[in-house]
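I have placed the structure first, in the form of structure tokens, so that the comments after it can refer back to it.
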């Protein structure tokens with residue numbers, strides 16, 4: 001088995017507006033991925049993809065919390081530090 005590798009996905013200081021834009025784009029992409037996966041499952045198999053439905057709900061909830069946090073008037077004059085590391089590893093099991 002190969003060793004996992006880390007990649008810096010996001011690393012820096014952002015204005016609240018920039019942070020909101022960056023994070024909204026990432027979350028929207030993931031939500032869209034799971035919506036398409038679920039749609040494909042409905043078409044091909046005639047049933048919803050339960051994992052994707054769960055992830056959509058979780059991602060939308062997280063995005064709403066981020067939006068609330070970054071739209072808070074107390075945060076408007078602050079710089080936002082965001083660090084996100086993407087870890088890519090390999091598994092012997094197939095999903």
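Taking the chain as the reference, fit the longest principal axis to its C-alpha atoms, fit the long axis of helix 50-71 to the helix C-alpha atoms, and give the angle between the two in degrees, 0 to 90, nearest 10.
0
Distance between the C-alpha centers of the stretch 1-49 and the stretch 59-73? Whole Å please.
The stretch 1-49 and the stretch 59-73 have Cα centres spaced 16 Å from each other.
With a 10 Å radius around each residue's Cβ, average the other Cβ atoms per peptide and rank 12-24, 57-69, highest first. Write down the numbers at each step before the final one.
Details: 12-24: 15.9, 57-69: 13.2.
Answer by packing, highest mean first, reads 12-24, 57-69.
So what's the back-of-envelope 222 nm ellipticity for the chain, counting only DSSP H runs of four-plus at -39500 (n - 2.57) apiece and dividing by all residues, rounded to 500? List each step's numbers first, then the result.
On the way: 2 runs with 52 residues, N = 95.
Here the helix-only value at 222 nm equals -19500 deg cm²/dmol.
Using only the alpha carbon atoms of the chain, find the Kirkwood hydrodynamic radius as the inverse mean reciprocal pair distance, in angstroms to one decimal. Spell out each step's value before the answer.
Numbers: mean 1/r = 0.0640 Å⁻¹.
With all distinct Cα pairs of the chain included, I get 15.6 Å.
Since every read-out is calculated from the coordinates, none of them should be taken as a lab result. Remember, predicted model here, so these are calculated numbers, not experimental data. Neighbour counts run over all protein chains shown; Cβ positions are idealised from the backbone, glycine included.
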